[in-house]
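Accompanying notes for the structure given below.
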Amino acid sequence: SKVRHFKWEVEYMFWSPDCVENVVIGINGQFPGPTIRARAGDTIHVELTSKLNTEGVVIHWHGIRQLGTPWADGTASISQCAINPGETFVYRFKVDRAGTYFYHGHYGMQRSAGLYGSLIVEVGEGEKEPFHYDGEFNLLLSDWWHNSVHDQELGLSSKPFRWIGEPQSLLINGRGQYNCSLAAAFSNSSTKQCELRGNEPCAPQILHLLPNKTYRLRIASTTALASLNLAISNHKMIVVEADGNYVQPFMVDDVDVYSGESYSVLISTDQDPSDNYWVSVGVRGRKPATPQALTILRYIPTSASKIPSLPPPVTPLWNDYNHSKSFSKKVLGLTGTVPKPPAHYERRIILLNTQNKIDGYTKWAINNVSLVLPTTPYLGSIKYGLKNGFDQKPSPENFPDDYDVMKPSVNPNSTTGNGVYTFELNTTVDVILQNANALAENVSEIHPWHLHGHDFWVLGYGEGRFRKEDEKRFNLKNPPYKNTGVIFPYGWTALRFVADNPGVWAFHCHIEPHLHMGMGVVFAEGVHRVGRIPTQALGCGVTAKKFIKPPHKS
Ligand SMILES: O=C1O[C@H]([C@@H](O)CO)C(O)=C1O
């Protein structure tokens, strides 16, 4: 295994992700940031210098468990202090397992500003994947707004509340087309045909494939909001990986990808090689106001500029939740490659997801607490026993029996808070994510929940309020092992994980504005076992006072 060194500079830049000039956060002059490729067992060493001149920054390595390096998880106020303008911070961690991952900003709403890139881990030298392919392509999916994240953030934290609305564009590898369509010829709207030469930052990345081969597409979503659906005209996909774990292969026409998830699919280039085909990405779960993202799957030697003869695939109806549920339930762990869940839980917490008003501000709350992060990162506060870093009262593990999840939330007692769920090291924990009605009547939304530092088993999905007897239907045989799991409107999702990674870990809705509005919780386990935390990660809040020594007096 190797140590892979990278030197990164993070900076704002002018860029045109969807052919409209905007401001993005780039890395080394690139948007999306550079793709990291490594092999399982390698160590990644990123020396990150911030050239953001008016704000801090951190980078989270999504899907990497940070075994033994919780300070490198890149979560501001949780695992480290934000990196100040001009400062350099070293992220050094092991990528222990092959898979499709990505990285992104985890401070304020910097992910929405474009701070993200792919992290691909190949199998270790001499090891094999449990499937064959001749070549691979990487599709990092995101959504894009034309107003700045500062504008978006201010709206979300204003009274009256201003929602960010639907994205202007969907991007594939940071590229979309706002004012034109690649498939205008097939549309009955007035959208004009894109006239792109191919070298523009918004020109689609065309996938060049040879006929009669098998390709692996690595699909990951770092969207701020949108739940996505990807389809390829005339080509079925075999799903083989989810969130860095192998799944029992299954064939589909289209794949749902929620923010924070990744999938690998295999396709066979067995179609008419004198044609090209569309790859299309559309919005699900929210009434779409965003055109599909498109790129072209080109069969060599057909001309790359040949417009496919068939129209792009149609995304399933946005509110066809049965379609989404049926997809999610097909995702099962590949026996023999992923660990089996312990048969029993030792602790169960139930997390009610509600939209609330607190002092007239619109928030999301978990068991009536809306997360507002403390100024001191938890990792340092807990390790050094500094009790003034955050609320010492344990966080609520349930919600009132008479709460009606089908009715608009009232929550007279909801508050902001920053307490922690503390687990005894190696405890088997069940988390029941309970969805509910939002503030408006007859509205309940999709929320993809992402856990840092672990994978969890998704034991089941259900409708309405979770009941104890529902556990009889849990899949303990071959549940998928993932780091992001979705809750459907008015439903519940049951997760199980083993709290075996000393550190402090965020668990939150991966929709960026929802997290910003408080939709997250903090888990801690075995923090006394955490090794020496780099001083730089502690240089803020109450830990700064303890660890930054005054200049030596002679
Ligand atoms: O958090 C959200 O706020 C809006 C809406 O509920 C209020 O404007 C929306 O669609 C969200 O997901």
Give the stretch 353-371 a look and list any residue that's more than 16 Å from the ligand (Cβ to nearest atom) and either out of contact with any Pro (no Cβ under 8 Å at 6 or more places or on another chain) or among the charged types (D, E, K, R) (or both), or say none. ASP359
Among the residues of the stretch 54-98, write down those that are of a type in the set (Phe, Trp, Tyr) and within 18 Å of the chain's Cα centre (by Cα). TRP61
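Looking at the stretch 13-29 only, could you name the residues that are touching a residue at least 60 places away in the same chain (Cβ under 8 Å) and surrounded by 15 or more Cβ atoms within 10 Å (Cβ to Cβ)? Give the derivation first.
Quick first cut of the stretch 13-29, residues touching a residue at least 60 places away in the same chain (Cβ under 8 Å) only: 15-20, 22-27.
Selection gives TRP15, SER16, PRO17, ASP18, CYS19, VAL20, ASN22, VAL24, ILE25, GLY26, ILE27.
Please verify whether SER118 is surrounded by 22 or more Cβ atoms within 10 Å (Cβ to Cβ) and within 25 Å of GLY518 (Cα to Cα), treating the condition exactly as stated. Working first, answer last.
Values: surrounded by 22 or more Cβ atoms within 10 Å (Cβ to Cβ): yes; within 25 Å of GLY518 (Cα to Cα): no.
When the stated conditions are applied, SER118 does not pass them.
Given the criterion within 21 Å of LEU141 (Cα to Cα) and open to solvent by less than 10 Å² (accessible area, probe 1.4 Å), identify the matching residue among LEU266, LEU225. Give the steps one after another, and end with the answer.
Values: LEU266 fails: open to solvent by less than 10 Å² (accessible area, probe 1.4 Å).
Result: LEU225 is the single residue among LEU266, LEU225 that is within 21 Å of LEU141 (Cα to Cα) and open to solvent by less than 10 Å² (accessible area, probe 1.4 Å).
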Does the stretch 424-443 include one or more residues that are touching a Pro at 6+ places or on another chain (Cβ under 8 Å), among the polar types (S, T, N, Q) and assigned to a strand (DSSP E or B)? yes
Considering only residues of the stretch 30-59 that are over 26 Å from GLN168 (Cβ atoms) and among the hydroxyl-bearing types (Ser, Thr, Tyr), which is least open to solvent (accessible area, probe 1.4 Å)? SER50
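Restricting to the stretch 269-303, and then to whatever is open to solvent by 30 Å² or more (accessible area, probe 1.4 Å) and of a type in the set (A, V, I, L, M, F, W, C), can you tell me which residue is farthest from TYR215 (Cα to Cα)? Write out each step before concluding.
Initial filter on the stretch 269-303 (open to solvent by 30 Å² or more (accessible area, probe 1.4 Å)): 270-274, 286-289, 291-292, 298, 300-301, 303.
Add one more test, that the residue is of a type in the set (A, V, I, L, M, F, W, C), and what stays is 289, 300.
On the way: ALA289: 32, ILE300: 14 Å.
The residue in question is ALA289.
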Can we say HIS510 is within 16 Å of the ligand (Cβ to nearest atom), in contact (Cβ under 8 Å) with a residue 40 or more places away in the chain and crowded, with 24+ Cβ neighbours inside 10 Å? yes
Is there a residue in the stretch 326-333 that is touching a residue at least 40 places away in the same chain (Cβ under 8 Å), open to solvent by 60 Å² or more (accessible area, probe 1.4 Å) and either more than 24 Å from ILE511 (Cβ to Cβ) or within 16 Å of the ligand (Cβ to nearest atom) (or both)? no
What are the pairs with Cβ atoms under 9 angstrom where one residue, in the stretch 356-367, is closer than 11 Å to MET517 by Cα and assigned to a loop (DSSP other than H, G, I, E, B) and the other, located anywhere, is open to solvent by 30 Å² or more (accessible area, probe 1.4 Å) and within 13 Å of the ligand (Cβ to nearest atom)? Sequence gap at least six, or different chains. none
Which one of the conditions (1) assigned to a loop (DSSP other than H, G, I, E, B); (2) touching a Phe, Trp or Tyr at 6+ places or on another chain (Cβ under 8 Å); (3) crowded, with 16+ Cβ neighbours inside 10 Å does LEU196 fail to meet, given that it meets all the rest? (2)
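Which one is nearest to THR222 (Cα to Cα) among residues in the stretch 153-166 that are touching a His at 6+ places or on another chain (Cβ under 9 Å) and of a type outside the set (D, E, K, R)? Break it down stepwise before answering.
Here is the first cut: in the stretch 153-166, the ones touching a His at 6+ places or on another chain (Cβ under 9 Å) are 153, 156-157.
If we keep only those that are of a type outside the set (D, E, K, R) too, we end up with 156-157.
Values: LEU156: 20, SER157: 22 Å.
If we take residues in the stretch 153-166 being touching a His at 6+ places or on another chain (Cβ under 9 Å) and of a type outside the set (D, E, K, R), then LEU156 is nearest to THR222 (Cα to Cα).
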Restricting attention to the stretch 120-158, which residues are away from the ligand (no atom under 16 Å from the Cβ), assigned to a strand (DSSP E or B) and within 24 Å of ILE232 (Cβ to Cβ)? ILE120, GLU122, GLY135, GLU136, PHE137, ASN138, LEU139, LEU140, LEU141, SER142, TRP144
Quick check on the stretch 430-447. Is at least one of its residues closer than 16 Å to TYR481 by Cα and either within 13 Å of the ligand (Cβ to nearest atom) or open to solvent by 20 Å² or more (accessible area, probe 1.4 Å) (or both)? no
Can you find a residue in the stretch 350-365 that is closer than 24 Å to VAL527 by Cβ and either among the charged types (D, E, K, R) or open to solvent by 40 Å² or more (accessible area, probe 1.4 Å) (or both)? no
Which pairs turn up if I take residues in the stretch 66-82 that are assigned to a loop (DSSP other than H, G, I, E, B) and look for partners that are of a type in the set (Asp, Glu) and surrounded by 24 or more Cβ atoms within 10 Å (Cβ to Cβ) with beta carbon separation below 8 Å, at least 6 apart in sequence or on another chain? GLN66/ASP73; SER79/ASP73
Being surrounded by 14 or more Cβ atoms within 10 Å (Cβ to Cβ), acidic (Asp, Glu) and over 13 Å from VAL283 (Cα atoms) is the filter here, so list the residues in the stretch 150-175 that pass it. GLU153
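The values are calculated or read from the model by the stated rules, or taken from the named source; none is laboratory data. Note that the coordinates shown come from a computational prediction; the quantities given were computed from them, not determined experimentally. Methodologically, a virtual Cβ is constructed for each residue, glycine included, from the backbone with ideal geometry; neighbour enumeration extends over all protein chains shown. Keep in mind that these areas ignore ligands, DNA and RNA; they rest on the heavy atoms of the full protein, side chains included. Shrake-Rupley method; radii C 1.70, N 1.55, O 1.52, S 1.80 Å.
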